[in-house]
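Everything on this sheet refers to the single structure shown next.
Please treat every number below as a calculation from the coordinates, not as lab data. This structure is a prediction, so every number in the text was calculated from the model and none was measured. When we count neighbours, we look across all protein chains shown, and the Cβ atoms used for this are built from the backbone with ideal geometry, even at glycine.
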């Protein structure tokens, strides 16, 4: 039985983990993974990092609205690490539901899908910064690239890295692991989990 979603979760001051666990069966066992998004809140502005998978966007948006109504800075920016569906699949809904937001990262082809929003697309290169008030979001060179144009992000406020899929992992776990960091899921069998990717 699926337990209630434990997200959103503040994982560092002003850094909120958003999304929902994707549970599926693999070899007769529950297999869970995340297409995580994050809300980064400064004193002047907030930023959504990734849109998550389209199936999760209604939940991610609900979580954002809940968090932003708690006296946090308004949502002004979206940063996308790369152009894959689990990272940017909610972009159309973001444009529709957040009419003042600007989208940052490698935005090379988005104007083709959303020509009516081309003026809201802002390219970023390594070293570019966005000041959120009390913290900056910096585009950095990815160590691991999912796509040729991937970018990672770094938050100077909590010294938090946003590597997209750079350190992603899917794993077998029970419902009690949802919303936990890998280090917190003490019953996680890392040898078994890693074997999934060794095949």
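When only C-alpha pairs under 8 Å and at least 6 residues apart count, what is the relative contact order of the range 8-156, in percent?
Numbers: 296 pairs, mean separation 26.3, N = 149.
Worked out over the range 8-156, it gives 18 percent.
With each label point set 7 Å from Cα along the Cα-Cβ vector, what nm distance links residue 145 and residue 118?
About 2.6 nm separates the two model spin labels.
Sort the following peptides by mean Cβ neighbour count (other Cβ atoms within 10 Å, averaged over residues), highest first: 101-111, 4-14. Intermediate values should be presented prior to the final figure.
Working: 101-111: 19.0, 4-14: 15.3.
Top to bottom by mean Cβ count within 10 Å: 101-111, 4-14.
Helix-only mean residue ellipticity at 222 nm, the chain, DSSP H runs n ≥ 4 weighted -39,500 (n - 2.57), per residue, nearest 500. What is it? Before the final figure, lay out each step's value.
Details: 5 runs with 36 residues, N = 199.
Here the helix-only value at 222 nm equals -4500 deg cm²/dmol.
Mind computing the radius of gyration and Dmax over the alpha-carbon atoms of the range 9-167? Å is fine for both.
15.1, 48
With a 10 Å cut-off between alpha carbons and a GNM built on the chain, which of 152, 98, 17 moves the most?
Result: 98 has the largest fluctuation of those listed.
Mind pulling the angle between the C-alpha long axis of helix 57-68 and the longest principal axis of the chain? Nearest 10 degrees, somewhere in 0 to 90.
Roughly 60 degrees, rounded to the nearest 10.
Considering the chain as a Gaussian network with a 10 Å cut-off on Cα pairs, which listed residue, 32, 82, 53, attains the greatest mean-square fluctuation?
32
If each residue of separation counts as 0.36 nm, what is the full-extension length gain between residue 10 and residue 100 once their alpha-carbon separation is subtracted? All intermediate terms of the calculation are to be shown ahead of the outcome.
On the way: separation 90, 0.36 × 90 = 32.40 nm, distance 2.49 nm.
That pair, residue 10 and residue 100, stretches by 29.9 nm at full extension.
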